[in-house]
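The structure appears right after this line, and notes come after that.
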Amino acid sequence: MDIKAYITLAMVLFCTGIVGVLIRRNAIIIFMCIELMLNSVNLLLVAFSKMHALSPAVKASPTYAADAQIFVFFIMVVAAAEVSVGLAIIVMLYRHTKSIDINFLNRLKN
Amino acid sequence: MSIITILFYFLSFLAVGSAIMMLLSRNPIHSILWLIVIFFAISGHYILMNAQFLAIVNIIVYAGAIMVLFLFVVMLMNLNAETEPVKNHRLQLIGVISGGLLLLVLLSAVMKTQTMLPMEMKTGTEGLIENLGKTLFTYYVVPFELSSVLFLSAMVGAVVISKKD
C-alpha cells in the first residue's frame, strides 16, 4: 500500500470533521466531529509508523518505529480526559440554558 | 487486486460514508451510532497495518467508553428527538464550501508528489503489545506517569464543573 492512500483517507476524514464543526449547531455533534478529527490524525500517525518501519535507518533506533504508536496511545489518553471535562461543560450549559445550541454561548459576551 | 487493497477500499468507504451520514442525520443518537461505525472502520485499518494493540484500545476506549458516555449524556438530556433548529442555509453552504476548498488544497499538495513510499502491511512487530509495552515502560515512563496526574485532574475537574451550585 502506498502512503498516499492513507494520507488521502486521513485528509478526507479530517475535512469531514471540519465541515461538521462549521455546519452543525448541536454542541454534542460538534464535539463528536472533534473526536473524528483526532481519530484521523491517529490513523495517519500509525500509517507513518508503518512507513517508517521499512526504512533501513530504523533498525538502529532503540524504539524501532514504535514511537508513533506510543504517541497515538497518549492522544487517546488525552482525548478520554478531554471528553469527560467537555461533556461536563455541555451538561452544565444545558442545565443553565435548557438547550445545547451553541449560539446561546454568545451570551458570554456581556 | 490483492486482498489488502480490497480491504483498504472497503474500510475507507465505510469510514467516509459513515462520517457523511454522521453529519447528515438530524437525530443525535443516530450520529453517535454512525461515529461508532467509523471507529470500528478505523480499528479495521489498524488491524490491516498490524497495529493490534491500538486496534483493541481504539475499540475499548473510543467505541466502548467515550461513545457510551456520549450516549449517556444525550439520553440524560432527552435530546433524542429532532430538536435542532434550522440553521441559516447560506452559512451551511459557506461551511461546506470552505471545508471542501481546504480538502482540495491539501489533496492537490499530496497528489503533486511523484515518489512512491510503500508501507509495511500486515507484518512487522512494532505494533504488538510486547514491543509497545517495552517501549512505553523503558523510554516513556515519565509521560505515562504524568498522564495519570492528567486523569486525576480531569476527574476532579469534571466533578467540580458539573456540581450543582
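The values are calculated or read from the model by the stated rules, or taken from the named source; none is laboratory data. Only a predicted model underlies this, so the values are computations on that prediction, with no experimental measurement involved. Quick reminder, even Gly has a Cβ in these numbers, built from the backbone with ideal geometry, and neighbours come from all protein chains shown.
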Which pairs turn up if I take residues in the range B:46-74 that are crowded, with 17+ Cβ neighbours inside 10 Å and look for partners that are among the basic types (Lys, Arg) with beta carbon separation below 6 Å, at least 6 apart in sequence or on another chain?
B:Met49/A:Lys50; B:Asn50/B:Lys122
Evaluation of A:Ser99 against (1) more than 30 Å from B:Lys164 (Cβ to Cβ); (2) more than 7 Å from chain B (Cβ to nearest Cβ); (3) of a type outside the set (Asp, Glu); (4) in a loop (DSSP other than H, G, I, E, B) (one fails), failing number:
(1)
How many of the residues in the range A:49-67 are within 19 Å of B:Ile56 (Cα to Cα) and part of a helix (DSSP H, G or I)?
3
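Conditions (1) assigned to a helix (DSSP H, G or I); (2) without any contact (Cβ under 8 Å) to a residue 24 or more places away in the chain; (3) farther than 15 Å from B:Ala41 by Cβ, marked per residue:
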| residue | (1), (2), (3) |
| --- | --- |
| A:Ala5 | yes, yes, no |
| A:Ala10 | yes, no, no |
| A:Ile29 | yes, yes, yes |
| A:Asn42 | yes, no, no |
Restricting to the range B:10-47, name every residue that is within 29 Å of A:Ile70 (Cβ to Cβ) and over 16 Å from the mean Cα position of the chain (by Cα).
B:Phe10
Filter the range A:80-110 down to residues that are aliphatic (A, V, I, L, M) and farther than 21 Å from B:Leu76 by Cβ, then give me how many there are.
1
Is it true that some residue in the range B:5-14 is at pLDDT 90 or above, at the interface with chain A (Cβ under 9 Å from one of its Cβ atoms) and touching a Phe, Trp or Tyr at 6+ places or on another chain (Cβ under 8 Å)?
no
Among (1) without any contact (Cβ under 8 Å) to a residue 12 or more places away in the chain; (2) more than 9 Å from chain A (Cβ to nearest Cβ); (3) of a type in the set (A, V, I, L, M, F, W, C), B:Val96 falls short only on (2)
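Which residue out of B:Ser43, B:Ser31 is free of Cβ contacts under 8 Å to residues at least 40 places away in the same chain, part of a helix (DSSP H, G or I) and within 7 Å of chain A (Cβ to nearest Cβ)?
After applying the criteria, what remains is B:Ser31.
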Considering every residue within the range A:68-88, establish whether at least one is surrounded by fewer than 21 Cβ atoms within 10 Å (Cβ to Cβ), assigned to a helix (DSSP H, G or I) and at pLDDT below 90.
no
Has the range B:127-146 got at least one residue that is modelled with pLDDT under 90, surrounded by fewer than 14 Cβ atoms within 10 Å (Cβ to Cβ) and of a type in the set (A, V, I, L, M)?
yes
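Results for (1) among the polar types (S, T, N, Q); (2) closer than 30 Å to B:Ile94 by Cα, shown as yes or no for each residue.
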{"residue": "A:Ala5", "(1), (2)": "no, yes"}
{"residue": "A:Phe14", "(1), (2)": "no, yes"}
{"residue": "A:Ile23", "(1), (2)": "no, yes"}
{"residue": "A:Asn26", "(1), (2)": "yes, yes"}
{"residue": "A:Lys59", "(1), (2)": "no, no"}
{"residue": "A:Phe74", "(1), (2)": "no, no"}
Does B:Ile59 fit the bill of being β-branched (Val, Ile, Thr), under 21 Å from the mean Cα position of the chain (by Cα) and either facing chain A (nearest Cβ under 9 Å) or in a helix (DSSP H, G or I) (or both)?
yes
For the range B:93-126, how many residues meet the condition of being of a type in the set (Gly, Ala, Ser) and either in contact with a strand residue (DSSP E or B) (Cβ under 8 Å, 6 or more places away or on another chain) or closer than 16 Å to A:Ile3 by Cβ (or both)?
2
Just to be sure, is A:Asn103 out of contact with any Pro (no Cβ under 7 Å at 6 or more places or on another chain) and more than 26 Å from B:Ser43 (Cα to Cα)?
yes
Within the range B:102-126, which residues are hydroxyl-bearing (Ser, Thr, Tyr) and loosely packed, with under 11 Cβ neighbours inside 10 Å?
B:Ser108, B:Thr115, B:Thr123
